[in-house]
Amino acid sequence: MKKISTVVIEGMPIFKDKQLTIGLDLGDRTSRYCILKEAGEIIWEQELPTTAKGIEPVFGKIPRSRIALETGTHSPWISRQLSQYGHEVIVAHVRNVRLISESSRKDDRLDARTLGRLARIDPALLCPVRHRSAKAQIHLTLIRAGAALVSTRTALVNAARGLAKSYGQRLRKCGTEQMNWEIAQGLSQELREALDSLLAEIESRNERIAEYDGRIEQIAREGYPEVARLKQVKGVGPLMALTYVLTLDDPHRFRRSRDVGCFVGLRPGRRNSGRSEPQLPIRKEGDRYLRTLLVQGAHYVLGPFGQDSDLRRWGLKLAERGGKNAKKRAVVAVARKLAVLLHKLWVSQEVYEPLRNKRKGMAQVA
């Protein structure tokens, strides 16, 4: 059997063989890697800092190899850095790899070995995922930062209203973005003084959120012309459209538009056996924030202000089928179809026709 020839430099073997497979278990501070040769024999195991400077001296010296790592906080930038060194990088969807996620003997060293061995046998066993580009990630980070501010603002507004009620008084009804010091004018003097700093913090959050909204609209307008095409659908605003574009990153990565519904986790689970076909909840895989925005868009489509469209009519018929969960299932189904529709508009670059099915029916009758 062919041996791997190595040269040791500063305690690190420099491998000259080209048939290497590496499993990399990522940690927040340190990561563990395991190098396998072509036959599957372990030839080197070590730990390294989870930093750009810690990765470069190790993987920058190794010939082009197949490297498998797990999805996680650090996997996007590490996978890009490893790809720059010329390596074949496989990002494993660990949630779908039971050999790792459900292992009774789980530690960094064993996980690195398992990743390497699965990548050596068949990368498909790792259910590989594709990370978005650095440009898409930084713009998506801007959106997530704004969403975090919105979440904290909501918590602050709820706290202010709850504290006022506990004192036997109430703040006037208004949207969270309208909450300010003037809303507290009807409260007693001592309660206004107690809530003064809290209301000031809410006003500050409103200003910061407005700044983020302006930056998001500017990015969408200047850098992503496809956003305007997706906004043709009533209920899809710049935030949802830009988040959709940035999360998918490349629309041609999907063979069919229907695959996007599975990608965002809006496909029902399946566990059929014989004649048994139980109804299972949606998988909730993929990006949670995008899924939340799509569900919000579905609520608008089915709500009182929704535009008359094929999507709305289909969703309302689904909601009328009865059952206590009929409306909930209809909202999820419309959100899934909305994701598919947006991808179709993005790829085809067609003009959106809300009542396209009705027009086709009239043409057939004529």
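Looking at this structure, is LEU280 in a loop (DSSP other than H, G, I, E, B), open to solvent by less than 40 Å² (accessible area, probe 1.4 Å) and modelled with pLDDT under 90? It is false that LEU280 is in a loop (DSSP other than H, G, I, E, B), open to solvent by less than 40 Å² (accessible area, probe 1.4 Å) and modelled with pLDDT under 90. When each of LEU171, LEU142 is tested for being in contact with a Lys or Arg (Cβ under 9 Å, 6 or more places away or on another chain), assigned to a loop (DSSP other than H, G, I, E, B) and in contact (Cβ under 8 Å) with a residue 12 or more places away in the chain, the lone residue that passes is LEU171. Of all positions in the stretch 93-107, none carries a residue that is over 29 Å from ASP250 (Cβ atoms), at pLDDT below 95, in contact with a Gly (Cβ under 9 Å, 6 or more places away or on another chain) and among the acidic types (Asp, Glu). Report whether or not LEU195 is of a type in the set (A, V, I, L, M, F, W, C), under 30 Å from GLU285 (Cβ atoms) and surrounded by 19 or more Cβ atoms within 10 Å (Cβ to Cβ). The answer is no for LEU195. All told, GLY54 falls short of being in a loop (DSSP other than H, G, I, E, B), open to solvent by less than 60 Å² (accessible area, probe 1.4 Å) and farther than 19 Å from GLN19 by Cα. Summed over the stretch 293-335, the residues that are closer than 17 Å to LYS231 by Cα, within 25 Å of the chain's Cα centre (by Cα) and not aliphatic (A, V, I, L, M) give a count of 4. Just one of the numbered conditions (1) under 27 Å from the mean Cα position of the chain (by Cα); (2) modelled with pLDDT of 90 or more is not true of SER65: (1).
Among the residues of the stretch 336-359, just one is of a type in the set (A, V, I, L, M), more than 20 Å from PRO225 (Cβ to Cβ) and at pLDDT below 95, namely LEU355. Of all residues in the stretch 117-149, those being open to solvent by 40 Å² or more (accessible area, probe 1.4 Å), closer than 20 Å to GLU102 by Cα and among the small types (Gly, Ala, Ser) number 1.
Every residue, every condition in (1) of a type in the set (Val, Ile, Thr); (2) without any contact (Cβ under 8 Å) to a residue 40 or more places away in the chain; (3) part of a helix (DSSP H, G or I), yes or no:
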{"position": "ARG113", "(1), (2), (3)": "no, no, yes"}
{"position": "HIS131", "(1), (2), (3)": "no, no, no"}
{"position": "LYS135", "(1), (2), (3)": "no, yes, yes"}
{"position": "ILE138", "(1), (2), (3)": "yes, yes, yes"}
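State which residue is most open to solvent (accessible area, probe 1.4 Å) when the search covers only the stretch 1-30 and only residues that are more than 20 Å from GLY86 (Cα to Cα) and at pLDDT 90 or above. Out of the qualifying residues, it is ARG29.
Say we look at the stretch 248-273 and pick out the residues that are within 23 Å of ARG312 (Cβ to Cβ) and in contact (Cβ under 8 Å) with a residue 40 or more places away in the chain; which of these is most open to solvent (accessible area, probe 1.4 Å)? For the stretch 248-273, the residue satisfying everything is ARG258.
Restrict the check to the stretch 308-319 and report whether at least one residue is modelled with pLDDT under 85, open to solvent by less than 50 Å² (accessible area, probe 1.4 Å) and within 30 Å of VAL150 (Cβ to Cβ). No, that holds for no residue.
Restrict the check to the stretch 213-220 and report whether at least one residue is out of contact with any strand residue (DSSP E or B) (no Cβ under 7 Å at 6 or more places or on another chain), free of Cβ contacts under 8 Å to residues at least 40 places away in the same chain and basic (Lys, Arg). Even if it seems obvious, please write down each step before you answer.
Here is the first cut: in the stretch 213-220, the ones out of contact with any strand residue (DSSP E or B) (no Cβ under 7 Å at 6 or more places or on another chain) are 213-220.
Imposing the further condition that a residue be free of Cβ contacts under 8 Å to residues at least 40 places away in the same chain reduces the set to 214, 217-218, 220.
Imposing the further condition that a residue be basic (Lys, Arg) reduces the set to none.
The answer is no, given that none of the residues of the stretch 213-220 is out of contact with any strand residue (DSSP E or B) (no Cβ under 7 Å at 6 or more places or on another chain), free of Cβ contacts under 8 Å to residues at least 40 places away in the same chain and basic (Lys, Arg).
Of all residues in the stretch 72-109, exactly one satisfies the criterion of being open to solvent by 60 Å² or more (accessible area, probe 1.4 Å), under 18 Å from ALA136 (Cβ atoms) and not in a helix (DSSP H, G or I), namely THR73.
Is it the case, given these coordinates, that VAL260 is closer than 16 Å to GLN349 by Cα and within 15 Å of the chain's Cα centre (by Cα)? The answer is no for VAL260. One residue alone among VAL227, VAL233, VAL245 is part of a loop (DSSP other than H, G, I, E, B), crowded, with 18+ Cβ neighbours inside 10 Å and in contact with a Pro (Cβ under 9 Å, 6 or more places away or on another chain), and that residue is VAL233. Residues that are aromatic (Phe, Trp, Tyr) and either over 30 Å from HIS252 (Cα atoms) or in a loop (DSSP other than H, G, I, E, B) (or both) do not occur anywhere in the stretch 200-215.
Taking the residues in the stretch 31-51 that are more than 13 Å from ALA112 (Cα to Cα) and acidic (Asp, Glu) as candidates, determine which candidate is surrounded by the fewest Cβ atoms within 10 Å (Cβ to Cβ). Top of the filtered list is GLU41. Among the residues of the stretch 130-145, are any closer than 30 Å to ILE22 by Cα and more than 23 Å from the chain's Cα centre (by Cα)? Scanning the stretch 130-145, I find no residue that is closer than 30 Å to ILE22 by Cα and more than 23 Å from the chain's Cα centre (by Cα), so the answer is no.
The values are calculated or read from the model by the stated rules, or taken from the named source; none is laboratory data. Note that the structure is predicted; figures quoted are calculated from it, not measured. Quick reminder, even Gly has a Cβ in these numbers, built from the backbone with ideal geometry, and neighbours come from all protein chains shown. The protein model used for the area step is the full one, side chains on, heavy atoms only, and it has no ligands, DNA or RNA in it. Shrake-Rupley method; radii C 1.70, N 1.55, O 1.52, S 1.80 Å.
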